[in-house]
Amino acid sequence: MKRILAMLLALVMVFALVACGGNNSTTNNGGSTSGGSTSGGSKGEEGSIPGVQKTLTIGIASDINELDPQQQNDQINNNCFALTHQTLVFLTNDTNEQVPCLAESWEWTDDTHLVFKLVQNACFSDGTPFNADDVVFTYQKAMDPERSAVAATLSLVESVNKIDDYTVEFVTKSYSNELLSVLAGYPLSILSKEAYDDTSNEQPYLIGTGRYVFKEWKEGQSVTFVRNENFWGDDPGQADEIIFKPILESASRVAALQSGDIDVCIDPPINELSILQEDANVTVHNQAGTRLFYLGFNCAKEPFDNQTLRQAIACAINREEIINGVLDGYGQPQTTVVNRGVWSFYDDMEGFDYDVDRAKQLLSEAGYSEGELTVDLYISNGSPYTSIAPMIQEYLRVIGVTVNIQQFDEATLKSECQSGNQQMFLWRWNVIDRLDEIYTELFSTDYPTNYHHYSDSYVDEMAVKVLTEKDKDTRLQLSQDLQTYLVEACPQVPLYVADLVIAYNKNLQGTYLFGGGNHNWSWAYVALD
Amino acid sequence: MIRYVLKRLLFMIPTILLTSLIIYWAMDLAGGDVVGNMLPENATQEQRDALTEELGLNDPFVVRYARYMAGLVTGDMGVSYKTGKDVFKTFMERLPMTLALGGTALIVACIISIPLGIYTALNQNTWKDTTGMVFALFGVSMPNFWLGLMLMLIFAVKLNWLPSQGADGPKYLVLPALTVGLGLAALITRTTRSAMLDVIRQDYMTTAKAKGASHRRVIYYHGLKNAMIPIVTAIGMQFSLVMTGSALAEVVFSWPGIGRLVFESIDSRDIPMVTGSIILCCVLMSIINLIVDLIYAFLDPRIKAQYSNKG
Amino acid sequence: MSEMSKAVSTENLNEYKGRSLAQETWRRLLKNKGAVVGMIFMVLLLILALSGDFLYDYDTEIIGMNMSEARLAPSAEHFFGTDQLGRDVFSRIVYGTRYSLIIGVGSVAVGLIVGLITGSLAGFYGGMWDQLVMRANDILYSIPNIMLAVVIVQVLGTSVLSLVIALSISSATSFAKITRAAVMTIRGQEYVESAYAMGLPTWKIILRHIIPNCLSPIIVQVTLAIGSNIIAASSLSFLGVGVPIPTPEWGTMLSDGRQFIRSEPWMCVFPGIAIMLTVLALNLMGDGLRDALDPKLKR
Amino acid sequence: MSENILEIKDLVVHFETDDGCVKAINGLTLSVGKEKTLGLVGETGAGKTTTALSILNLVPSPPGVIKGGSIELDGKDVLQMSDKELEHMRGNDVAMIFQDPMTALNPVLTVGEQIAESIMLHEHIPMKDAFERAKEMLKMVGIAEGRAYDYPHQFSGGMRQRVVIAIALACQPNFLIADEPTTALDVTIQAQVLDLMKDLINKNHMSMLLITHDLGVVAEVCNDVAVMYAGRIVEIGTTDEVFNSTRHPYTEGLFDSLPNLKEQGEELVPIKGMMPDPMRLPEGCTFAPRCPYATEACTQTVPELRQVGGTHYVACHAYDDPSFRLRRNANG
């Protein structure tokens, strides 16, 4: 018996030591100012570059899941590839235009040939030079469905040929306004052919020409990148290390930012912004977003094959109330299907704004009396869907339509919608500049992400026209006519584009942010005061 | 005694078989899009079908289960669909984290609840008894994610004594262990109290006092050792609960434990990871229960006698 | 001996004769202040659970939304403030009492019955039966109730029933374990052997002699399990396998209010307090019952 | 009285329970001479065990309250002792043997440990040496040394009582309290245990307070006898005085309800009525309602002990008239 007591006491000692041990180390170098000054751990420690904090730690909402650019297309992973790799052309976050990056210049020699002139002084992080072979290798691998999950995005490209060491030619089926922005996507980052040839290298996809190099991925804990010492460009990374830390609980992310454990908090909960705004050490940044949240209908089966019924539901939804209720006002309502901020965005059509009487009238026109119709609403769990769904349920109850809400994890929701089991569903779509991501991918017949199962030959033709029309003005007119047509057809009820909200250490410099969250942190660092 | 331990270990094999069958069948029942979790949104249908074929998801349940068991027998638990890492390795990477958290939490719980249980037992039905009970209940009736957040806000944000989350050293362990520990304290306090109440009235306690033993020695040496049996049961039960039960606390403190691993892999239908980690949890659980039973024998000779002659 | 009893004064004789075990326990239970407070609270909860429909109209006041009153702080008009959809938290808690009680009490009741039977048989017979039950316990214990819930919801759809089943399975394992431990130590006592000697069938021995005597650890676990099951419902609803939206169940309100924990804490605080008071009341009652029922504690 | 090892004067002990106040001991006066054995006799519920526990100040405090009186052991009043002194005294100067061997031993400690503990506590020697001493004690009470490592559940009732005796005598106390040591044992074992106790007491020159309801045991073992009824001593004297020239009607009632081997055919005469309810003790002499000789005076005042012979005292109003004799020994 004494042994048990002794054991317990010993453990108590160890635990007490740990606890006070912990306290001593933080208190002596802990910050004195009130609130969460940057104190404790490696924070406030100077790196190799004077005046720059050694590490930049970014608190993200979920862990990365893939290190090979071509096997994924999640924003969480793409934000990492933005550090380690580069693409032929670079998408700017102000004018949404493509600017030179690994390609110096490019031009459509004719409707089916796009020729790139490459930079000549670039090299990969392991020192091997960058040339046309790498580009050809990268795109041939990307187009092969067996070796790349993003082959579908290059369906327009026939072949990629090397003209000379620093010139590459893309042969396409037809002219496309969107091909350039497709090539700017991080899944299509340029990989090193030499790395793949070297069979001893198990992870050749890690080698890139970016400002940082992958160091370590502790699953569920952190992903660490160190500065690429032989970066070819003239503006290398400032921070010695950039660490992405997955902190699933949003309230914990905010607390971590305030206590100085992280320097940037991605997606802080909207309702805690007021608390953050009062914190002297934190800057809360807010700008227009690019991700459109919508209520979609399955137009292929009862009851939502009936267009009037869809329009009735559209009139029952109060967008402003949803924005205030769910986003505390940090969002913009819209009527059209093209995300606000994308070229040719046109929102002046009459559409189906919030009008309960009109909704009831349309409902009876559609052939349903009040209280007769019961529909399923499929949503993914987690915010904001679990907040929007009850509101929609309530709006429809008011006009006499009963809604049953079914929750799924995200992947299951997508597969349910793809196989057409749903009647109504809540989803979102992030588009920065590519119209084909809307017209083709969302509304063209039988396209995998056309969860609306909407099929209209007119829309299919118009989508191709918009994609290939060279003349800017006609293309604008085409796009606006298509938007008016689609709003009338009402395969979905666009709700709002959520603002980008992000909170970070007030000394953060060199940020390069995008409304939809595909930020590029390769220039960012924390300046030491 | 050794024969008994061997018998229990042997018995683990049918348990693992049964567990794997139940979980495999359960995940099959749970549905959800496995391939969807792995491929990006705009992957073509051909790519989906190719991957489904490659993973053999179209095969009938029996074939898939047999293939999984064949792998299991050779110690290969397959690769996680989500991260591509080996299931066993990921589990083993996270196991020490959970053991550290669970172990410290239990110590915290014991430090709080055993003396509190004895204190309330000695002052039965006085106000001390009720306040002690209310405090013990404080942990179990407050959801641990809320408790965790409160502790984090006070100690990490306001006072800045402790890191708010992460898992890089002992001082990261303090807040999560406290959160989980308070949750466990309630049952251990209650069990200690009712065990001590039973023990205090026993005749051998009077015998001990008549020998001239001090009040403290009578309670802690004679009383506690008899009361340890139900207490150890409670602790054993709690430990197995902590393994997968503290998922929410792990989420709040970003503590890479097994609870969170199971929590996330169920959510993303990562079948090999779910099946593998729960089987390993079950093995761990059997070992823990075996240890608890052995501690029984160490504590209560009457039960030891039962084991030895029962073989 | 007969004339002896006649001579005894009749007054104190019938005083003892009148009190059966139930009355005796009830009388001693009333002495325990904590238990009385607990009972009053539970009776109040029961009344609230039954009277929900009379007090509030489900459609308008409980799930009805008015955004103009969203996220108001507690005031005279809204005692516990309003949630993000403008619904009054106080009325939702009052109305939600029934769901939480059904989930908490229901799952523990089912778990108790299953656990008692398997546990006592395992403890009493030992040998193969004991191993079988205990190993089944190990399995069920290692499967987190999150997984059970996901599977059952997939089969039965999201409903209060599937939640009760999922939670009862995990409660059953802990009851079985406690009963087994208690039965094993009690089985050795003489009064059990004497019951055997009287030729009682085994199940009667278990029912009349063994289970009443291992009541105290079980009561402790029952009262605790009800509270933790109600809280477990909140983590399950966070995962989307809890009760269907918009059911005003305390656990769901807790997990929905999570995001607002710092900015509008009342959405999370009051359901939490409701659960805490219920668990506390249950435990005080359980403790009182345990002490009252324990003959050895007669003083 | 010769030098007394134990002197109890006007001890009053009540148990304040929820149901009311149980008056267990109401003014007990008693003394035990050195190297003498006093038998304390009385029906169950008379307060015998409470008396024993009060000598060690072990009356459980929440319900039990020592209202008054003094208990002097070797000249020191136990009721005024501090915890430290009490702990030093218990087991060392005075020891106790309990009634039910089945529950008196700690089930999770070996027998050797339980004996050695007493030695270790008082002689402050390491456990190992104390354990050796414990083995000797076991041998002394007739149990094989090797069994020191066994646990209580591995012993029979009789053997366990021997262990309890070994525990009590471990530190050679000079005063022993035995609370119905043989009641739980069957007759044959009873004799062995009594013999063992008798020769251990003589060998170690100890004095003992033997509590029993078995008059046969008293006759065989005790020098003096005290008869207790409803928390008071009603008659005290040498065994010979009380057995042969019984004075108190209650003692006579006890003897009358005993089967007498010599006169086989005699009709057994039980004492009329029942033990009084300790919560509502009758006025005056508590035995009055059941006493065949009761007079009006008996129900007025509580009779005090008065001398009726050398060392023979009785608390009964009947002896206001000195010539009064019980039927039993009308000639005595």
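Take B:Leu10 and decide whether it is at pLDDT 80 or above, under 22 Å from C:Tyr141 (Cα atoms), within 27 Å of the chain's Cα centre (by Cα) and within 7 Å of another protein chain (Cβ to nearest Cβ). No, not satisfied. Residue count for the range A:118-155, restricted to those that are more than 14 Å from chain B (Cβ to nearest Cβ), in a loop (DSSP other than H, G, I, E, B) and more than 16 Å from A:Glu194 (Cα to Cα): 3.
Residues that are under 19 Å from A:Cys299 (Cα atoms) and charged (D, E, K, R) within the range A:437-460 comprise A:Glu441, A:Asp446, A:Asp456, A:Asp460, listed in sequence order.
Kindly state which helices (runs of 4 or more DSSP H) lie completely within the range C:87-182 and contain at least 2 residues that are among the small types (Gly, Ala, Ser) and in contact with a Lys or Arg (Cβ under 7 Å, 6 or more places away or on another chain). Full working, then the answer.
Numbers: elements: C:89-101, C:107-125, C:127-142, C:145-156.
It comes to C:107-125.
Just one of B:Tyr65, B:Tyr4 is more than 12 Å from every other protein chain (Cβ to nearest Cβ) and surrounded by 13 or more Cβ atoms within 10 Å (Cβ to Cβ); which is it? If you could, list the steps in order and put the result at the bottom.
Details: B:Tyr4 fails: more than 12 Å from every other protein chain (Cβ to nearest Cβ).
Of B:Tyr65, B:Tyr4, the one residue that is more than 12 Å from every other protein chain (Cβ to nearest Cβ) and surrounded by 13 or more Cβ atoms within 10 Å (Cβ to Cβ) is B:Tyr65.
Please verify whether the range A:206-218 includes one or more residues that are of a type in the set (Val, Ile, Thr), over 18 Å from A:Gln72 (Cα atoms) and within 14 Å of chain B (Cβ to nearest Cβ).
So in the range A:206-218, the residues of a type in the set (Val, Ile, Thr) come out as A:207, A:209, A:213.
Within this subset, residues satisfying the condition of being over 18 Å from A:Gln72 (Cα atoms) are A:209, A:213.
After this cut, where a residue has to be within 14 Å of chain B (Cβ to nearest Cβ) as well, the list is none.
No, there is no match, as no residue in the range A:206-218 is of a type in the set (Val, Ile, Thr), over 18 Å from A:Gln72 (Cα atoms) and within 14 Å of chain B (Cβ to nearest Cβ).
Taken across the range B:125-135, residues that are more than 11 Å from chain A (Cβ to nearest Cβ), touching a His at 6+ places or on another chain (Cβ under 7 Å) and part of a helix (DSSP H, G or I) do not occur at all.
Being under 31 Å from the mean Cα position of the chain (by Cα) and more than 9 Å from every other protein chain (Cβ to nearest Cβ) is the filter here; which residues of the range B:26-61 pass it? Answer for the range B:26-61, where residues must be under 31 Å from the mean Cα position of the chain (by Cα) and more than 9 Å from every other protein chain (Cβ to nearest Cβ): B:Asp28, B:Phe61.
When D:Ala219 is tested against the conditions (1) in a helix (DSSP H, G or I); (2) modelled with pLDDT under 85; (3) of a type in the set (A, V, I, L, M), the lone failure is (2). Residue selection: D:Ser82 fails the criterion of being within 20 Å of D:Leu176 (Cα to Cα), more than 10 Å from every other protein chain (Cβ to nearest Cβ) and of a type in the set (Ser, Thr, Tyr). The helices (runs of 4 or more DSSP H) found entirely in the range B:138-213 that carry 1 or more residues being modelled with pLDDT under 85 are B:144-151, B:174-200. Filtered by the rule that a residue be within 14 Å of chain B (Cβ to nearest Cβ) and part of a loop (DSSP other than H, G, I, E, B), the range A:50-109 gives A:Ala61, A:Ser62, A:Asp63, A:Ile64, A:Asn65, A:Glu66, A:Leu67, A:Asp68, A:Gln72, A:Asn73, A:Asp74.
Kindly evaluate A:Gln332 against the criterion of being among the polar types (S, T, N, Q), away from every other protein chain (no Cβ under 14 Å) and not in a loop (DSSP other than H, G, I, E, B).
So A:Gln332 fits the description; yes.
When the residues of the range C:273-285 are filtered to those that are surrounded by 23 or more Cβ atoms within 10 Å (Cβ to Cβ) and within 9 Å of chain B (Cβ to nearest Cβ), the one that is farthest from B:Phe145 (Cα to Cα) is C:Leu284. Condition test on D:Met275, is it outside any loop (DSSP other than H, G, I, E, B), touching a residue at least 24 places away in the same chain (Cβ under 8 Å) and surrounded by 13 or more Cβ atoms within 10 Å (Cβ to Cβ)? When the stated conditions are applied, D:Met275 does not pass them.
For the condition within 14 Å of chain B (Cβ to nearest Cβ), surrounded by fewer than 21 Cβ atoms within 10 Å (Cβ to Cβ) and under 27 Å from A:Asn318 (Cβ atoms), what is the one hit in A:Gly382, A:Gly420?
Working: A:Gly420 fails: under 27 Å from A:Asn318 (Cβ atoms).
Testing whether each residue is within 14 Å of chain B (Cβ to nearest Cβ), surrounded by fewer than 21 Cβ atoms within 10 Å (Cβ to Cβ) and under 27 Å from A:Asn318 (Cβ atoms) leaves just A:Gly382.
Each residue in the range C:140-169 was checked for being surrounded by fewer than 24 Cβ atoms within 10 Å (Cβ to Cβ) and under 30 Å from B:Arg302 (Cα atoms), and 1 of them qualify. Condition first: under 22 Å from D:Leu258 (Cβ atoms) and either touching a strand residue (DSSP E or B) at 6+ places or on another chain (Cβ under 6 Å) or touching a residue at least 24 places away in the same chain (Cβ under 8 Å) (or both). Now tell me which residues in the range D:191-208 satisfy that. Within the range D:191-208, D:Val193, D:Leu194 meet the criteria. Reported count of residues in the range D:215-265, each being in contact with a Gly (Cβ under 9 Å, 6 or more places away or on another chain), of a type in the set (A, V, I, L, M, F, W, C) and surrounded by fewer than 16 Cβ atoms within 10 Å (Cβ to Cβ), is 2.
All of A:Gly510, A:Gly516 fail the test of being surrounded by 15 or more Cβ atoms within 10 Å (Cβ to Cβ), closer than 25 Å to A:Arg291 by Cα and modelled with pLDDT under 90, apart from A:Gly516. Every listed requirement among (1) more than 27 Å from the chain's Cα centre (by Cα); (2) assigned to a loop (DSSP other than H, G, I, E, B); (3) surrounded by 20 or more Cβ atoms within 10 Å (Cβ to Cβ) is met by A:Glu350 save one, (3).
Select from the range C:1-51 the residues that are outside any helix (DSSP H, G or I) and at pLDDT below 75 and write down the one among them that is farthest from the other protein chains (Cβ to nearest Cβ). Across the range C:1-51, the extreme among qualifying residues is C:Ser20.
May I ask you to verify whether C:Thr185 is assigned to a loop (DSSP other than H, G, I, E, B), farther than 27 Å from B:Gly276 by Cβ and at pLDDT below 80? No, not satisfied. Does D:Glu113 meet the test of being out of contact with any strand residue (DSSP E or B) (no Cβ under 8 Å at 6 or more places or on another chain) and on the phi < 0 side of the Ramachandran plot? Considered against the rule, which asks whether it is out of contact with any strand residue (DSSP E or B) (no Cβ under 8 Å at 6 or more places or on another chain) and on the phi < 0 side of the Ramachandran plot, D:Glu113 comes out as yes. Restricted to helices (runs of 4 or more DSSP H) entirely inside the range D:13-129, those with at least 1 residues that are surrounded by 14 or more Cβ atoms within 10 Å (Cβ to Cβ), among the basic types (Lys, Arg) and within 18 Å of the chain's Cα centre (by Cα) are D:48-55.
Only one of the listed residues (D:Pro249, D:Pro259) is modelled with pLDDT of 85 or more and over 20 Å from the mean Cα position of the chain (by Cα). That residue is D:Pro249. Of the residues contained in the range C:239-251, one or more are found to be part of a helix (DSSP H, G or I), crowded, with 24+ Cβ neighbours inside 10 Å and either at pLDDT 80 or above or in contact with a strand residue (DSSP E or B) (Cβ under 9 Å, 6 or more places away or on another chain) (or both). In summary, strands (runs of 3 or more DSSP E) completely within the range A:203-273 and bearing 3 or more residues that are in contact (Cβ under 8 Å) with a residue 60 or more places away in the chain and within 20 Å of the chain's Cα centre (by Cα) occur at A:241-246, A:264-266.
Scan D:Ile115, D:Ile167, D:Ile143 and give me the residue that is of a type in the set (A, V, I, L, M) and more than 12 Å from chain B (Cβ to nearest Cβ). Unique residue meeting the criteria: D:Ile143.
The values are calculated or read from the model by the stated rules, or taken from the named source; none is laboratory data. Since the model is a prediction, treat every value here as computed from it, not as a measurement. A quick note on method: Cβ atoms are made from the backbone with ideal geometry, for glycine too, and the neighbour counts reach across all protein chains shown.
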